[in-house]
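Structure record follows, encoded as structure tokens.
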Amino acid sequence: MRHVALIAGAAAAVLVAAGAITYAVAEGDDSTAKTPGALSADAGFARDMAVHHQQAVEMSYIVRDRTKNEEVRRLAYDIAQTQANQRGMLLGWLDLWGLPKVSSEPPMTWMGMGDMASGKDGALMPGMATNTELKKLNTLSGKQAEVLYLQLMTDHHKGGIHMAEGCVAKCQVDVEKRLAQGMVDAQRSEIELMAGMLKERGAAPRS
């Protein structure tokens, strides 16, 4: 419980920082950056991570209905709230920049990896769960649901970190780069936490 409380505190700090970042963009604080183009890394990351985050939110709310374990429920709630907030920011930036929220290009094209994920069975980007896995999560309960959620979310975070690191390297808008680095740091911490939670349940990450 104590470990989850620490993560919850970190998540709250991320949300506060995220609000400050949104305000900075709205106020034009990032004055040295030009408005990104539709095919830029900034726009590509915003679009793709918004989709990636949406699935994390969906999985988190599924497991909250499938278990009574307070530790898992609290972690799931923290992840859902943090990623829903960040998703709103990413989509808000696209609006601010006057850019479309969808692209005709395959996901990850902005990273030069447009052919990496086939999109088969709903897994549009690295780390994303398939539709089959989501359906399975919806059929499990208790410890089984907890283990599958922690495994799926670990994979999801690994894919998200890879994308966020790509933005840190390629994005031009400083506040977006800072948000991406915050995602990397927070999700690495959560991966460590989830590894411990899986071990307590006699399980391990899938990869």
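The values are calculated or read from the model by the stated rules, or taken from the named source; none is laboratory data. What you see is a predicted model, and the numbers here were worked out from it, not measured in a lab. Heads up, the Cβs are rebuilt from the backbone with ideal geometry, glycines too, and the neighbour counts pull from every protein chain shown. Just so you know, the surface numbers come from the protein's heavy atoms only, side chains and all, with ligands and any DNA or RNA stripped out. Shrake-Rupley method; radii C 1.70, N 1.55, O 1.52, S 1.80 Å.
Before moving on, here are some points about what is shown:
- Net +/- balance of residues flanking residue 128 in space, Cβ distance below 13 Å, scoring K and R +1, D and E -1: -3
- With protein chains left intact and a 1.4 Å probe, residues in the range 110-159 average 45 Å² of accessible area per residue.
- The mean of 1/r over all pairs of different alpha-carbon atoms in the range 75-163, once inverted, gives a Kirkwood hydrodynamic radius of 14.8 Å.
- Convex hull of Cα atoms in the range 134-207, direction-averaged projection (nm²): 5.5 nm²
- The largest accessible area among 154, 130 belongs to the first residue in 130, 154, and the rest follow in falling order (1.4 Å probe, all chains).
- Over all pairs of different C-alpha atoms, the range 37-110 has a mean inverse distance whose reciprocal, the Kirkwood radius, equals 13.2 Å.
- Taking the 1.4 Å solvent-accessible surface of the range 47-145 as the whole, the part contributed by carbon and sulfur is 49%.
- Residue 192-residue 120 pseudo-label distance in nm [points 7 Å out on the Cα-to-Cβ vector]: 3.5 nm
- With the gyration tensor restricted to C-alpha atoms of the range 95-141, the semi-axes of the equivalent ellipsoid amount to 27, 15, 8 Å, longest first.
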